[in-house]
Amino acid sequence: MLSAVEGRVSKLEESVDDAKESGNALGESIDDLREQSRDFMILTSQRDSMQELLDSQRKKLTERNDAFKTMIMALKEETIATTRALSTRIEELEGELALFRAAVGKGVSSAALSNEDVPKLKEFVGTRSA
């Protein structure tokens, strides 16, 4: 009977040793999980910081884009107004050119060359030296 008890005690001691090893492994696993949890918290914090930075940059770019669109619209309106003004002026100048061409055409066909058209020389007053 003593040997049976000793066998059971031996098995019990082995079970206690196994439980201690399991407890140590469990403790190490818990420590690993704590470390991973800290790493996760750090990564989450870094992710949040990056997201804030990206949101800030997106906001700035959106504001710049809106300002650029406003400038483009103003330039487009100015270009349209300038084009209209130039078109009007071109039409006016084309009308004047047509009138000048008609006037010059009539003047050339009706003009007759005569001595009256050539101015007479004035008499020279002064000294000549050779």
Checking the condition assigned to a helix (DSSP H, G or I), small (Gly, Ala, Ser), within 26 Å of the chain's Cα centre (by Cα) and at pLDDT 95 or above, which residue from Ala85, Ala74, Ala81 passes? Ala74
Checking the condition of a type outside the set (Lys, Arg), over 39 Å from the mean Cα position of the chain (by Cα) and in a helix (DSSP H, G or I), which residue from Ser10, Ser56, Ser45 passes? Ser10
On the basis of being surrounded by 10 or more Cβ atoms within 10 Å (Cβ to Cβ) and either modelled with pLDDT of 95 or more or not hydrophobic (A, V, I, L, M, F, W, C) (or both), does Arg128 make the cut? no
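The values are calculated or read from the model by the stated rules, or taken from the named source; none is laboratory data. Everything numeric in this text was worked out from a predicted model, so none of it was measured. Note that each Cβ is placed from the backbone with ideal geometry, even for glycine, and that neighbours are counted across all protein chains shown.
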